[in-house]
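Here, each number is a calculation from the coordinates, and none is a lab measurement. None of these values were measured; they are calculated from a predicted model. Note: ideal-geometry Cβ built from the backbone for every residue, glycine included; neighbour counts use all protein chains shown.
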Amino acid sequence: MSETLHKDISVYQQAIQVAAEAFSLTAKLPLQQRFVLTAQLRRSIILVCNQLAAVAQSNSKQSLKRNSELFIKVYAETKTQIKMSQLLGHFKINDLGALEIQLDQILQCCKSNLNQYDH
């Protein structure tokens, strides 16, 4: 199991809060975007939570590294969805600021997992 996540399970709880915030924010999207962008944002944020759970359940250095790398890919997809919704004018930067900060903090946790085993 990831020592970083095991010591601070609040990282997973934080991811769940991020998901709840994303669901709340997507409910405010314009009607024409509720199906496409909402589905994409919600799907990617759920993948963030699922992949973070996989990181936490990793039982070897190899699986921890693989799951952390997969988390970073899912994180990138989520950030892309957030940026697209901002560029399209559906959200202001301030609307998603807290969400992005939380995602970035979770990313740092996974990067520290990778750094532990890259030496």
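For segment 95-111, the Karplus equation 6.51 cos²θ - 1.76 cosθ + 1.60, evaluated at θ = phi - 60°, returns couplings of 4, 10, x, 5, 4, 5, 4, 5, 4, 5, 5, 5, 4, 4, 4, 5, 5 Hz by residue, with Gly and Pro reported as x. In this structure, the amide hydrogen of SER58, modeled 1.01 Å from its nitrogen in the peptide plane, lies closer than 5 angstrom to those of SER2, counting only residues at least 5 positions away or on a different chain.
Please order PHE91, PHE71, PHE23 by the number of other Cβ within 10 Å, starting at the fewest.
Numbers: PHE91 22, PHE71 26, PHE23 14.
Listed from fewest to most nearby Cβ atoms, that is PHE23, PHE91, PHE71.
Computed FRET efficiency, Cβ-Cβ of GLU21 and GLN62, R0 22 Å: what is it to the nearest 0.05?
Working: r = 33 Å, r/R0 = 1.49.
Efficiency, rounded to the nearest 0.05: 0.10.
Once both labels are positioned 7 Å from their Cα atoms along Cα-to-Cβ, the gap between LYS111 and ALA39 label points is 3.3 nm. The overall shape of segment 53-119 is prolate: from the C-alpha gyration tensor, with semi-axes ordered a ≥ b ≥ c, the ratio a/c is 1.5 or greater and a/b exceeds b/c.
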